[in-house]
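Q: The structure that follows is given in the form of structure tokens.
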Amino acid sequence: QVQLVESGGGLVQPGGSLRLSCAASGTIFSINTMRWYRQAPGKERELVATITSGRTTNYADSVKGRFTISRDNAKKMVYLQMNSLKPEDTAVYYCNTYSDGRYYWGQGTQVTVSS
């Protein structure tokens, strides 16, 4: 029932910025905690950022001060603003939520940080 679709990835130089978007459907969006994960080649998927229904946020240490997660409940959107990007941020970024007794994932959007 729930569907998540990520967008906004691309190629950016170190120090640059990208804004990822996740569009949600099939859920009462306002009550869901939303998360961004990422997975780099050969590495485990890691939690990058979390935002609760009350807009409490949490970030991985590696992105604190550089990334900002936000949400627009009216639009059923969650965003990840990524600034001061580093090559080690290169990964596929996934949107995630829990609803109706299970976790849901989008298909991911590729972020490549390279000169």
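Q: Consider residue 58 against the criteria (1) without any contact (Cβ under 8 Å) to a residue 60 or more places away in the chain; (2) surrounded by 11 or more Cβ atoms within 10 Å (Cβ to Cβ); (3) closer than 17 Å to residue 105 by Cα; (4) not β-branched (Val, Ile, Thr): it satisfies all of them except one. Which criterion is unmet?
A: Among (1) without any contact (Cβ under 8 Å) to a residue 60 or more places away in the chain; (2) surrounded by 11 or more Cβ atoms within 10 Å (Cβ to Cβ); (3) closer than 17 Å to residue 105 by Cα; (4) not β-branched (Val, Ile, Thr), residue 58 violates only (3).
Q: Let me ask something additional. Considering only residues that are basic (Lys, Arg) and touching a residue at least 12 places away in the same chain (Cβ under 8 Å), look in region 76-115 and name the one that is farthest from residue 41 (Cα to Cα).
A: Going residue by residue through region 76-115, those that are basic (Lys, Arg) are 76, 86, 102.
Now narrow it down to the ones that are touching a residue at least 12 places away in the same chain (Cβ under 8 Å): 76, 86.
Details: 76: 30, 86: 16 Å.
By that ranking, first place goes to 76.
Q: Which of the residues that make up region 1-25 are surrounded by fewer than 17 Cβ atoms within 10 Å (Cβ to Cβ), over 17 Å from residue 85 (Cβ atoms) and not small (Gly, Ala, Ser)?
A: 1, 3, 5
Q: So, in region 98-115, exactly how many residues are modelled with pLDDT of 95 or more, within 23 Å of residue 53 (Cα to Cα) and out of contact with any Leu (no Cβ under 7 Å at 6 or more places or on another chain)?
A: Counting residues in region 98-115 that are modelled with pLDDT of 95 or more, within 23 Å of residue 53 (Cα to Cα) and out of contact with any Leu (no Cβ under 7 Å at 6 or more places or on another chain) gives 2.
Q: A further question on this structure: (1) among the small types (Gly, Ala, Ser); (2) open to solvent by 50 Å² or more (accessible area, probe 1.4 Å); (3) modelled with pLDDT of 95 or more: which one isn't true of residue 53, the others all being true?
A: (3)
Q: So residue 68 clears everything in (1) of a type in the set (S, T, N, Q); (2) touching a residue at least 40 places away in the same chain (Cβ under 8 Å); (3) open to solvent by 50 Å² or more (accessible area, probe 1.4 Å) except one condition, right? Which one?
A: Single failed check for residue 68: (2).
Q: I would also like to ask the following. Keeping to region 94-115, report how many residues are within 12 Å of the chain's Cα centre (by Cα), buried (at least 18 other Cβ atoms within 10 Å of the Cβ) and of a type in the set (Phe, Trp, Tyr).
A: Residues that pass the stated criteria total 1.
Q: Being open to solvent by less than 70 Å² (accessible area, probe 1.4 Å) and of a type in the set (Gly, Ala, Ser), is that true of even one residue in region 37-46?
A: Within region 37-46, one or more residues are open to solvent by less than 70 Å² (accessible area, probe 1.4 Å) and of a type in the set (Gly, Ala, Ser).
The values are calculated or read from the model by the stated rules, or taken from the named source; none is laboratory data. As the structure is a prediction and not an experimental result, all values here were calculated from the model. Neighbour counts are summed over all protein chains in view; Cβ atoms, including those assigned to glycine, are modelled from backbone coordinates with ideal geometry. Accessible surface is based on the protein model in full, side chains and every heavy atom, while ligands, DNA and RNA are left aside. Shrake-Rupley method; radii C 1.70, N 1.55, O 1.52, S 1.80 Å.
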